[in-house]
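J.: Shown below is the structure under consideration.
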Amino acid sequence: MFDSDDDTSSVSSSSTMQSERVLNPGMDEVQVHKDSMLDQSLDALYEKRSSTREEALASIIEAFNSDLQFEFVEKKFATLLHQCLHCTKKGSSKEISLATHVIGLLALTVGLGDQAQEILEESITPLSQALKSGRDALKITSILECLAVITFVGGTDPDQTEKSMQIIWQMIHPKLGSNVVATKPSPAVTTAVVSSWAFLLTTLDQWKLSPKIWQEIVTYLSSLLEKDDRSVRIAAGEALAVIFELGDLEKFSAEAKGSTNGSVKEGSVSQEAVMHMHGLKSKVTNQVRDLSAEAGGKGSAKKDLNTQRNLFKDLTEFLEGGYAPETSTKVGGDSLQTSTWCQMIQLNFLKHFLGGGFIKHMQENDFLHDVFSFTPKKKFGGRESHLSSEEKRLFKSPNSALNKARTQFLNNQRKLAKNMNVGHYAATAEENE
């Protein structure tokens, strides 16, 4: 069994930790207290006072950042999701920001599966509607990041991902959509849109965009490289890196090889269009080369300036030589490696979204382990070792004694929770009336 005495130097698997609580209910009074606090916070989401709901949501975020709340989610998944969605319909900008962050954390906690798909299906319409009501930057950026995260986890169909990407993109470039009122977004919103869009683009192996749309997007992102706001320039650079790494320009070039004098079949790519695309790539290369050596005339923070220089230096090397940057991120006693632009941008986005909960999730969240092919160190029998994915599956097998006990316990809890929730909803409905 995993040694859970030294939390600072070892990371017990989530399933093991939950099973130990089942077999040793008196060993973890702190966890019982945390569960009670979560229940109280969930109940507080029914309160009429907005400030009370905001405090409750902040408490839930803190709990989900400090530990992976598997048992709580097992019991209260639907209630938490629907109450958070309710908050997005009537709450203040701060409340909506907090509620959407909880929804994103909920998706990352449940990981791949039916629950993640349910989160996406239930949330996409209310989130889209919330984007259209008001232009508060805090609210909009939070909704965009939430939509990106829940699509990243629950969007198993590429069409679902592309739908979310279109909703996100229309916030800054409405001419690509329909029935969208054009408004000038703030730099914060522009940054969130481009970052969220690029984050989802990393998941699409086959990006189904026409040459015309490709040109429009690259041209627009190129224009963002000229903006005064450094965060906008950095986000645009990362998005361009993903676009060029996916190789769509090479794909279009291959399609155009069979054409003669620009005469091609409908839906194909003309040589003239491909030449224009290569011209755009050359323009972008010159822009990023200049930004990699910027003296600091635009923007102010030295840290941001160094981030920009490093990013665009890497991007210049990639565009000219095809070499993607390799990164190493410290996670406890481990190092998380990336070797592609897509991996790096996924990691940076999730690190930003999780904030203080990043290390905990990277250590214990199996979904993130699979995303980044990352296996953290474990303590097993008093010595550190790396468990393979197969070993993890064997240990968490439903036939193990620990998981049989856990399953029986959770089944009983589900029955109790179902009965309690029915009564709770009924009472709440009466109060709201």
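J.: What pairs from K212/K351; K351/K377; K75/K163; K48/K184; K94/K313; K90/K360 go past 28 Å between their alpha carbons? Can you show the working numbers first?
T.: Values: K212/K351 33 Å; K351/K377 20 Å; K75/K163 31 Å; K48/K184 34 Å; K94/K313 37 Å; K90/K360 32 Å.
Cα-Cα > 28 Å for K212/K351; K75/K163; K48/K184; K94/K313; K90/K360; rest within.
J.: Report the trypsin sites (Lys or Arg not before Pro) located in the stretch 40-120 that are in a DSSP loop and have at most 11 other Cβ atoms inside 10 Å of their Cβ, or state none.
T.: Here the sparse-neighbourhood loop sites are K48, R49.
J.: Need the full-extension length gain, S282 to D136, defined as separation in residues times 0.36 nm minus the C-alpha distance. One decimal, nm.
T.: Length gained, S282 through D136: 48.9 nm.
J.: Would you compute the Debye intensity of the stretch 33-171 from its alpha-carbon atoms alone, equal scatterers and no solvent, and pass along log10 I(q)/I(0) at q = 0.10, 0.21 Å⁻¹ to two decimals?
T.: The computed values of log10 I(q)/I(0) come out as -0.29, -1.28.
J.: Moving on to the next point. Once you place label points 7 Å from the Cα toward the Cβ at T156 and S210, how far apart are they in nm?
T.: Roughly 3.2 nm, to one decimal.
A short reminder: the numbers here are calculations on the coordinates, not readings from a lab. From a predicted model like this one, the values you see are computed outputs, not experimental measurements. Backbone-built Cβ (ideal geometry, glycine too); neighbour counts: all protein chains shown.
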